[in-house]
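Below is one structure; the comments refer to it alone.
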Amino acid sequence: MSLNVRTAPTTPYDDQRPGTGGLRKRVTVFQQPAYLENYLQAVFDAVALPTASTLVIGGDGRYGNRQALEVLVRMAAANGIGRIIAGKDGILSTPAASHLIRKRGAAGGVILSASHNPGGPDGDFGVKVNAANGGPAPA
């Protein structure tokens, strides 16, 4: 299968420093041009998963989850991820993602969740990265 990968020049965002639970910001911040893409590419660059790895992905269903998952899938493929395991309709809790990472021997996971923070168009959005052990990846 041939992949049509497009490289797009971007400018870094200075506020994209993950905390212990990943990157959490207001939905409107994540809606800035290339904001999510920049962060996800930085994650793929930093984690450097082996080609053809398995990645578990999902989210808590909050505002913007579906669009962010579509971006995540495209970027994972462009970065050589060979297999994606996702929850039905993209819904996957953090504990379920951790379990699947361990059970399926995945290289890691990306969970779109701002945990207990408020959701909605004026609420929060987040990206959490889990390591192969199912736990949070180091910052």
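Worth pointing out:
- For a modelled paramagnetic label at Arg104, 7 Å from Cα along Cα-to-Cβ, the residues of segment 79-96 in reach, with backbone nitrogen under 15 Å, are 81-96.
- Cβ-based charge dipole, segment 23-130, positive-most Cα from Gly90, Ala68, Val43: Gly90
- Computed from phi, the 3J(HN,Hα) profile of segment 73-83 under the Karplus parametrisation 6.51, -1.76, 1.60 (θ = phi - 60°) reads 4, 4, 6, 4, 4, 5, 9, x, 5, x, 8 Hz, with x in place of Gly and Pro.
- Helix-only CD estimate at 222 nm, as mean residue ellipticity for the chain, using -39500 (n - 2.57) per DSSP H run (n ≥ 4): -9000 deg cm²/dmol
- Pairwise Cα separations in the chain fall into 5 Å bins from 0 onward with the following percentages, short to long: 2, 10, 22, 25, 23, 13, 5, 1, 0.
- Ordering Asp14, Asp124 by the number of other Cβ atoms within 10 Å of each residue's own Cβ, fewest first, gives Asp14, Asp124.
- Within segment 23-130, DSSP assigns beta bridges of which about 45% are antiparallel (rounded to the nearest 5).
- When the chain is described by a simple charge dipole with +1 on each Lys and Arg Cβ and -1 on each Asp and Glu Cβ, the residue from Gly80, Pro118, Ala34 located farthest towards its positive end is Gly80.
- Here's the picture: charge each Lys and Arg Cβ at +1 and each Asp and Glu Cβ at -1 in the chain, and of Thr7, Thr20, Asn133 the one pushed furthest to the positive end of that dipole is Asn133.
- Value of Rg to Rh for segment 63-131 (Rh from inverse mean 1/r over Cα pairs, i.e. Kirkwood): 0.96
- Rounded to the nearest 20 debye, dipole of the chain from Cβ charges on Lys, Arg, Asp, Glu: 400
- Each label was represented as a point 7 Å from its Cα along the Cα-to-Cβ direction; for Tyr13 and Glu70 these points are 1.8 nm apart.
- Counting beta carbons within 10 Å around each of Val27, Val129, Val110 and listing the fewest first gives the order Val27, Val129, Val110.
- Cα-based Rg and Dmax for segment 11-72, where Dmax is the largest Cα-Cα distance (Å): 12.2, 33
- Packing-based exposure ordering (other Cβ within 10 Å, fewest first) of Thr54, Thr10, Thr20: Thr20, Thr10, Thr54
Bear in mind these aren't lab numbers, they're just calculated from the coordinates by the rules spelled out. This is a predicted model, so every value here is computed, not measured. FYI the Cβ positions are ideal-geometry reconstructions off the backbone, even for glycines, and counts take in every protein chain you see.
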